[in-house]
Amino acid sequence: MGVCSLKDEEDMAAEDKTIVEEEDKPEPWKSALFSLVFPGLGQIRNNDPRKGLLYFAIAFTLILTLHLGVTVIILALFWLYNIYDAYTVASRKAEGP
């Protein structure tokens, strides 16, 4: 059984804190990829579940109304905005306060 000094415990705590801080910062490209696959997932990944669910609901509604014709263009534009939003929000969060 090894003995752990106070300094060792402080070093381990600092390492744990660094790891947690790095995990909290979203990677913009991953958030954009999540939103590309499914609208709202990038926002949820960025810890913004309300916006993610709203984007999902909008996309779902637009998909249901695809038979109207104009909806295809609106859906495509919305999907692109969704990807852009996920990327830019993740970039801001990654940079920090």
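Here, each number is a calculation from the coordinates, and none is a lab measurement. Keep in mind that what you see is a predicted model, and the values were worked out from it rather than measured. Using ideal geometry, Cβ is built from the backbone for each residue, glycine included, and neighbour counts are taken over all protein chains shown.
Could you pull out which residues in the stretch 57-97 have an amide N less than 15 Å from a spot 7 Å beyond the Cα of residue 36, following the Cα-Cβ vector?
Those under the cut-off are 79-88.
For the stretch 26-95, what is the charge dipole size about the Cα centre, in debye to the nearest 20, if Lys and Arg each add +1 at the Cβ and Asp and Glu each add -1 at the Cβ?
120
Could you order the peptides 87-97, 39-49 from most to least packed, using the average number of other C-beta atoms within 10 Å per residue?
Highest to lowest by the protection proxy: 39-49, 87-97.
Determine by what factor the alpha-carbon radius of gyration of the stretch 26-95 differs from 2.2 N^0.38 Å, reporting the quotient.
Taking the Cα Rg and dividing by 2.2 N^0.38 Å, one obtains 1.09.
Which residues in the stretch 72-90 place their backbone N less than 20 Å from a point set 7 Å from the Cα of residue 47 along the Cα-to-Cβ direction?
85-90, by backbone N distance to the label point.
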